[in-house]
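Please read the structure below before turning to the comments.
The values are calculated or read from the model by the stated rules, or taken from the named source; none is laboratory data. Keep in mind that what you see is a predicted model, and the values were worked out from it rather than measured. As a convention, Cβ positions derive from the backbone with ideal geometry for all residues, glycine included, and neighbour counts pool all protein chains shown. Just so you know, the surface numbers come from the protein's heavy atoms only, side chains and all, with ligands and any DNA or RNA stripped out. Shrake-Rupley method; radii C 1.70, N 1.55, O 1.52, S 1.80 Å.
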Amino acid sequence: MQPAALSGDIPFVGITEPETSLHPPMLGALYDAMAAAARNTQAELTRHVSAAGS
């Protein structure tokens, strides 16, 4: 995570579908980074699920 996001200098951090390009064991590190950023800025993580629910 960029220092500017952690300090609140960036007003919004958004990540879409991290599971498509992130190695599964790294999801915990992403969660920690987003939680840290959310203390000082708006943070959003989205995931898309097909209509079939897969």
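Could you rank the peptides 27-37, 13-23 by their average count of other C-beta atoms within 10 Å per residue, with the highest value first? Please report the intermediate quantities before stating the final value.
Values: 27-37: 13.9, 13-23: 11.6.
Peptide ranking by packing, descending: 27-37, 13-23.
Between residue 22 and residue 2, 0.36 nm times their residue separation minus their Cα-Cα distance comes to what?
Details: separation 20, 0.36 × 20 = 7.20 nm, distance 1.74 nm.
Contour length minus Cα-Cα distance gives 5.5 nm.
Taken over the alpha carbons of the chain as equal point scatterers, the Debye sum produces base-10 log I(q)/I(0) values at 0.32 Å⁻¹ of -1.23. Scanning residues 5 or more positions from residue 43 or on other chains, those with amide H under 5 Å from its amide H are 13, with H placed 1.01 Å from N in the peptide plane.
Of the solvent-accessible surface of the chain, computed with a 1.4 Å probe over protein heavy atoms with every protein chain present, carbon and sulfur atoms account for 56 percent.
If each residue of separation counts as 0.36 nm, what is the full-extension length gain between residue 42 and residue 12 once their alpha-carbon separation is subtracted?
10.3 nm
Leaving out ligands and nucleic acids, note down the accessible area per residue over the chain with a 1.4 angstrom probe, in whole Å². Using a 1.4 Å probe on heavy atoms only, each residue of the chain averages 74 Å².
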